[in-house]
Amino acid sequence: MASRFLLGFVAAITLLFSGCKDAETTGGTAGAALYAYDGTTASVFVWTDLSTIYDGAPSTTAPTKQITSSVFSSKITSLAWGGLCFDSLNGYLYLISDTGNIVRVSNIRSQSGAVSSTDVVSFSLSNTGRLSSSTFGQAALDPQNNRLYITENSSSSTQIWVVDNASGQAQSATIALQALAVSGDTGGTGVAAGAGSVYGFMLDGDTVGTVVTYSGPRLRKGTSAGFSDATTLIGNSTLIGKYGSLALDTGNGYLFVARHNTDAGASTAPIQVFATGLFGQAYDQAPTTTLGSVTDQADLRVIAHAGTKDWLVGLRGNDTTSYGTIFIWKSPVGGTAAKVLTASPTTSLFKGLAVDGNAS
């Protein structure tokens, strides 16, 4: 009995001091870092302590560090809206251009200044299977299965590209189309993923339902293998609308949906929050809660969540115009108002951002 107790004690101490970064820390708000891609300087801005930034906001604050690479300027000439995502389990940052180029930066937490050529890889989505005159948009990485999802949208159709083994794709690889789509859907500009599930926002499509049918904007939940009407939220009660940028709180089970009030012609809170357990029940469901300011966030274009930590961040955007301000919500479901971070230099322009919930 004594030897068994001693072995258990030693194992517990070993685990305590191992400091393994592969396991995500969950809950609370400590240990989060903010990343944003600045299109003006073609560099990644990093604020390493989001709590400190939040406590000091509103403010104009320079990033703690900047990450640069010639690959950014050559492959990411225009970042997709929402084209920045983070693998918090393995320390990769992904950048996606609106033309389908992908850049992966490894050892991202230790990067500062120019990235070594051994830590940056670029590859691209195949030209075969693309939609006509399309634009790529929001991207999401599921760290549980190393799968990257990227939205593609044209005037008449939409699909989500599925990139398996995202961290293993080689330099200059061409990714064949593995499409996640529902026939008839259009206006797909939002995606989020985690724990094997993927969520998509589509602005319109064929009707859903049998006895009672619904049309218009919809949220779909599925896997890399496909979506089903059975796990769709659609209808007037949802309040969702253009552009439907998505952010997933994996720690608490919430999906955040950003509506661009100006372009959607809406005048209520711009963020709808749905408990993920609502998918698979009734189609036309009201949000679990809403948040955001009708006036301050009327042009909310992109949102991102820390995943296992309780932070939500967002960006403004109008058509092709981006800005250098970042909205930050701490414990957002609790209803706290956003604080505003203005990046320094004030010429910064952001179309994508991400939060590392496992920064320390």
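If you take just the strands (runs of 3 or more DSSP E) that sit entirely in segment 75-146, which of them hold at least 3 residues that are touching a Phe, Trp or Tyr at 6+ places or on another chain (Cβ under 8 Å)? It would help to see each step written out before you state the result.
Values: elements: 79-87, 92-97, 101-105, 120-125, 135-142.
Of the strands (runs of 3 or more DSSP E) lying wholly inside segment 75-146, those with at least 3 residues that are touching a Phe, Trp or Tyr at 6+ places or on another chain (Cβ under 8 Å) span 79-87, 92-97, 101-105, 135-142.
If I ask for residues that are open to solvent by 20 Å² or more (accessible area, probe 1.4 Å) and closer than 21 Å to G352 by Cα, which ones from segment 249-261 would you list? Selection gives T250, Y254. The criterion of being part of a strand (DSSP E or B), at pLDDT 95 or above and more than 20 Å from G317 (Cα to Cα) does not hold for L34.
Of the residues making up segment 37-54, those that are closer than 15 Å to I326 by Cβ and either under 17 Å from the mean Cα position of the chain (by Cα) or not in a loop (DSSP other than H, G, I, E, B) (or both) are Y37, D38, V44, F45, V46, W47, L50, S51, T52, I53, Y54. If T288 passes every condition in (1) open to solvent by 30 Å² or more (accessible area, probe 1.4 Å); (2) within 26 Å of G83 (Cβ to Cβ) but one, which one does it miss? Just one mismatch for T288, condition (2). Restrict the check to segment 76-89 and report whether at least one residue is more than 17 Å from the chain's Cα centre (by Cα), open to solvent by less than 50 Å² (accessible area, probe 1.4 Å), touching a residue at least 24 places away in the same chain (Cβ under 8 Å) and within 16 Å of V340 (Cα to Cα). No, every residue in segment 76-89 fails to be more than 17 Å from the chain's Cα centre (by Cα), open to solvent by less than 50 Å² (accessible area, probe 1.4 Å), touching a residue at least 24 places away in the same chain (Cβ under 8 Å) and within 16 Å of V340 (Cα to Cα).
Taken over segment 200-245, the criterion of being of a type outside the set (K, R), open to solvent by 10 Å² or more (accessible area, probe 1.4 Å) and under 23 Å from G317 (Cβ atoms) is satisfied by L203, D204, G216, P217, L239, I240, Y243. Pairing each residue of segment 162-177 that is closer than 24 Å to L131 by Cβ with any residue that is open to solvent by 60 Å² or more (accessible area, probe 1.4 Å), provided the two are 6+ apart or on different chains, yields C-beta distances under 6 Å for V162/Q178. Within segment 113-143, the set of residues being more than 27 Å from Y199 (Cα to Cα) and loosely packed, with under 13 Cβ neighbours inside 10 Å comprises G113, S116, S117, T118. Checked against (1) open to solvent by less than 50 Å² (accessible area, probe 1.4 Å); (2) part of a loop (DSSP other than H, G, I, E, B); (3) of a type in the set (F, W, Y), Y283 passes all but a single condition, namely (1).
Of these, L300, L353, L349, which one is in contact with a Ser or Thr (Cβ under 7 Å, 6 or more places away or on another chain) and modelled with pLDDT of 95 or more? Walk me through how you get there before you give the answer.
Working: L300 fails: in contact with a Ser or Thr (Cβ under 7 Å, 6 or more places away or on another chain); L353 fails: in contact with a Ser or Thr (Cβ under 7 Å, 6 or more places away or on another chain).
Sole residue among the options that is in contact with a Ser or Thr (Cβ under 7 Å, 6 or more places away or on another chain) and modelled with pLDDT of 95 or more: L349.
Residue pairs whose Cβ atoms lie under 6 Å apart, sitting 6 or more positions apart in sequence or on different chains, and linking a residue in segment 129-143 that is within 23 Å of V105 (Cα to Cα) to a partner that is surrounded by fewer than 23 Cβ atoms within 10 Å (Cβ to Cβ) and hydrophobic (A, V, I, L, M, F, W, C), are P143/L89.
Identify, from the list T60, T40, T48, T99, the residue that is of a type in the set (S, T, N, Q), buried (at least 17 other Cβ atoms within 10 Å of the Cβ) and modelled with pLDDT of 95 or more. If you could, list the steps in order and put the result at the bottom.
Values: T60 fails: buried (at least 17 other Cβ atoms within 10 Å of the Cβ); T40 fails: buried (at least 17 other Cβ atoms within 10 Å of the Cβ); T99 fails: buried (at least 17 other Cβ atoms within 10 Å of the Cβ).
Residue meeting the stated conditions: T48.
Residues that are within 28 Å of L291 (Cα to Cα), of a type in the set (V, I, T) and out of contact with any Gly (no Cβ under 8 Å at 6 or more places or on another chain): list the strands (runs of 3 or more DSSP E) wholly contained in segment 167-244 that include at least 1 such residues.
Fully inside segment 167-244 and qualifying: 226-234.
The values are calculated or read from the model by the stated rules, or taken from the named source; none is laboratory data. These numbers come from a predicted model, not from an experiment. Note that we place each Cβ from the backbone using ideal geometry, even for glycine, and neighbour counts take in every protein chain shown. Remember, those area values only see protein heavy atoms, side chains included, never the ligands or the DNA or RNA. Shrake-Rupley method; radii C 1.70, N 1.55, O 1.52, S 1.80 Å.
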